[in-house]
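**Student:** One structure, as structure tokens, below. Some questions next.
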Amino acid sequence: MRTNSESFKIVLIGESGVGKTSIISQFVNQVFQEDVESSSSGTFNSKTLIYDNNKILKLEIWDTAGQEKYRSLASMFYKEASAAILVYDITRKESFEQIQNYWVGQIKENGPTNIILALCANKSDLIDEEKVDEEQARNYAKEINAMFYPTSAKNDSGITDLFLQIAKKYTNSDNVRLKTDQDEVFDSTLSDSIGSQNRGSVKLTKEELNKKDEVKKKKCC
């Protein structure tokens with residue numbers, strides 16, 4: 001059965017070690033990685049959703065580098081993003097403070113004005129070590145017009161719902177779910193060189209991102 005399809009770019013941003021890569025791994029592959037090497041470039045994954053019964057929404061999920069020396073590269077991923085998930089570690093107060101003092105400003109400066117925001121309180125399984133007051137975080141989420149979600153990549157808690165709620169807001173539909181093998185739909189989304197590789201992750205360097213932007217500019221002129 002042929003159906004409408006579109007892509008939807010989501011970027012995960014925040015300090016190194018807050019669990020961005022683990023969140024994506026759990027959502028895309030249902031796998032928790034205990035020891036994950038910090039990202040030094042953009043890493044791409046994809047996941048397919050179905051909404052309004054027969055429409056395809058292909059999530060382009062970008063994991064960005066949180067280390068200070070790679071921050072100039074991270075800002076390149078905000079372009080054309082439809083949603084940004086701001087991730088902090090509830091056991092590291094500075095990771096929340098950096099959301100407030102740096103990352104939100106980067107999104108406002110480099111991202112689209114209508115970008116969907118979600119504030120993600122990750123590592124909720126370590127509640128006994130919590131250093132960030134949840135009420136404070138919820139109030140901050142309201143202040144920046146963001147959804148708020150406690151998550152645990154280790155326990156797979158809240159992660160699927162986080163992405164589904166973002167997709168619901170984007171599609172303006174309550175009928176959004178994960179695509180299953182039983183869905184007989186024709187997926188024409190993401191026919192370019194990046195989107196065609198949707199069975200794992202693709203890492204892009206700064207040079208490759210610049211080249212991709214140049215190609216887009218040539219196509220539109």
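Please treat every number below as a calculation from the coordinates, not as lab data. All figures in this text were calculated on a predicted structure; none of them were measured in a lab.
**Student:** Between their Cα atoms, which of K58/K168; K55/K79; K47/K168; K123/K179; K142/K168 are more than 22 Å away from each other?
**Tutor:** Correct reply: K55/K79; K123/K179.
**Student:** Another question, then. Pulled fully out, how much extra length does the chain show between N29 and I127, if you take 0.36 nm times their separation in residues and subtract their Cα-Cα distance?
**Tutor:** Working it through step by step, the gained length comes to 32.8 nm.
**Student:** Once you have a ≥ b ≥ c as the square roots of the Cα gyration tensor eigenvalues for segment 102-149, tell me rounded if a/c is under 1.5, and otherwise prolate or oblate according to whether a/b is larger than b/c.
**Tutor:** Judged from the Cα gyration tensor, segment 102-149 comes out prolate (a/c at least 1.5, a/b above b/c).
**Student:** Let me ask you something else. Could you calculate the contour length gain from N139 to K168, that is, 0.36 nm times the residue separation minus the distance between their Cα atoms, to one decimal place in nm?
**Tutor:** Computed gain between N139 and K168 is 8.2 nm.
**Student:** How much length is gained on full extension from E97 to T160, taking 0.36 nm per residue of separation minus their Cα-Cα distance? Before the final figure, lay out each step's value.
**Tutor:** Numbers: separation 63, 0.36 × 63 = 22.68 nm, distance 2.54 nm.
Extra length available between E97 and T160 comes to 20.1 nm.
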